[in-house]
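All remarks here apply to the structure that follows.
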Protein chains: 2
Amino acid sequence: MKLQLALDAIGRREARELVEKVHGSIDILEFGTPFLLGNSLFVVGEAKDAFPGLEILADIKIMDGGDYMASLAFDAGADYVTVLGVARDETIAGAVRAAERTGKRVLADLLATADPAGRAVELEALGVYGVCVHTGFEPGAGRDQLQMLESVSGAITRAAVSVAGGISPSTVPAILAFNPEIVVVGGSITSSSDPVGAVAEIRALAENERAVP
Amino acid sequence: MKLQLALDAIGRREARELVEKVHGSIDILEFGTPFLLGNSLFVVGEAKDAFPGLEILADIKIMDGGDYMASLAFDAGADYVTVLGVARDETIAGAVRAAERTGKRVLADLLATADPAGRAVELEALGVYGVCVHTGFEPGAGRDQLQMLESVSGAITRAAVSVAGGISPSTVPAILAFNPEIVVVGGSITSSSDPVGAVAEIRALAENERAVP
């Protein structure tokens, strides 16, 4: 399991201080949509230079101009870029082309897809590296996370699975049971009074899960 | 008709020079998704200060966190923000709440909606200011623009209609026949060797349309 730290509603200086503390214990650093709109894609390259051991994900939720938009993120230094699963197939395929050209990765966000498992299978066929079981920010959006994770994980055969949305140490064990490749944690780390402890707690849960025979 | 100039794949300095030339002949200045990711929402306030006679649109295509994301754009100085029509109703409603609180406007982009006219009626009921008939960047995406414009215009009763996607002087007359409130022009102005002339040409077409009895 890779642990992805999402930076969304956090200032640039505070984010930098946080990543300085936890970068040795996370795998992927995500710049969320609001963070990128507030600070520009420049931060992606800045982070790549400052933390060469981290993979960087630019959550730009591509909806149009797949190749062009993905290339913007990859050129800025991102290792992963997100497209929306609700985007047109041509848009997804464009982002995948940009990824293949650069050796980078596309994750398709299943947010608001009518049939997440069915769309995940189509996205896999379109060549995405993985799909993101993302239940969204709005109230009530998270209630079906585990069910969605189960159905999507069962439907795909090759693509990696990422899980995002309101994940905290208390919800991590149930998620780990489905063995996702990437677990995305945001607010429960960035809002914690002890972010280093929160990251360590999630890491320990992942180790325990692995230790189960 | 309001003429909206979209700034997408253009550098910041070049954009500034272009807007200096044409600002007296356009109504809405749009900062497109790639421009904002490349330069941050800071440019919205900068443009509002430099061109107080223009309305500013931030095309951030909100998909999640409607209230929070719309507020980011409105706080930066935007008069209009875009949400995706494919977003969840709760997300749309959140963006509308932010608009009502600030006296600003939400436009819902119909890109990749399965039933544009049906979704436009729902979006109208959710309280958006208008809907955007947007056929997208990918090849082939623009072929149904007029048909989509006709069906959407015929379905809604209150919302404003905006039209975007590959519009040039040669395609403007057919679009104006449907009397949209906003016509969005990007590349055919930004890529023109005579952008002032291109804006004037579209303006003249709009005047002619109005003069038809």
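A single member of B:GLY103, B:GLY127 is surrounded by fewer than 22 Cβ atoms within 10 Å (Cβ to Cβ), away from chain A (no Cβ under 12 Å) and either touching a helix residue (DSSP H, G or I) at 6+ places or on another chain (Cβ under 6 Å) or within 13 Å of B:PRO180 (Cβ to Cβ) (or both), and it is B:GLY127.
Taken as a whole, the structure leaves A:THR82 outside the set of residues that are surrounded by fewer than 18 Cβ atoms within 10 Å (Cβ to Cβ) and of a type in the set (S, T, N, Q). Looking across the stretch A:163-175, just one residue is in contact with a strand residue (DSSP E or B) (Cβ under 8 Å, 6 or more places away or on another chain), over 23 Å from A:THR113 (Cα atoms) and either within 14 Å of chain B (Cβ to nearest Cβ) or surrounded by fewer than 21 Cβ atoms within 10 Å (Cβ to Cβ) (or both), and that is A:SER168. Out of the stretch B:17-75, which residues are touching an Asp or Glu at 6+ places or on another chain (Cβ under 8 Å), within 15 Å of B:GLY94 (Cα to Cα) and hydroxyl-bearing (Ser, Thr, Tyr)? None - no residue of the stretch B:17-75 is touching an Asp or Glu at 6+ places or on another chain (Cβ under 8 Å), within 15 Å of B:GLY94 (Cα to Cα) and hydroxyl-bearing (Ser, Thr, Tyr), so the list stays empty. Listed by position, the helices (runs of 4 or more DSSP H) contained in the stretch B:1-66 that have at least 2 residues being of a type in the set (Gly, Ala, Ser), more than 9 Å from chain A (Cβ to nearest Cβ) and touching a residue at least 40 places away in the same chain (Cβ under 8 Å) form an empty set. Checking the stated criteria, B:ALA9 turns out to be surrounded by fewer than 18 Cβ atoms within 10 Å (Cβ to Cβ), at pLDDT below 95 and of a type outside the set (Val, Ile, Thr).
From the list B:ILE167, B:ILE202, B:ILE156, B:ILE189, which one is without any contact (Cβ under 8 Å) to a residue 40 or more places away in the chain, within 18 Å of the chain's Cα centre (by Cα) and closer than 21 Å to B:ASP8 by Cβ?
B:ILE167
For the stretch B:146-162, the count of residues that are surrounded by fewer than 21 Cβ atoms within 10 Å (Cβ to Cβ), acidic (Asp, Glu) and farther than 22 Å from A:ASP64 by Cα is nonzero.
The values are calculated or read from the model by the stated rules, or taken from the named source; none is laboratory data. These figures come from a predicted structure and were not determined experimentally. Counting neighbours? That spans all protein chains shown, and the Cβs are built from the backbone with ideal geometry, glycine included.
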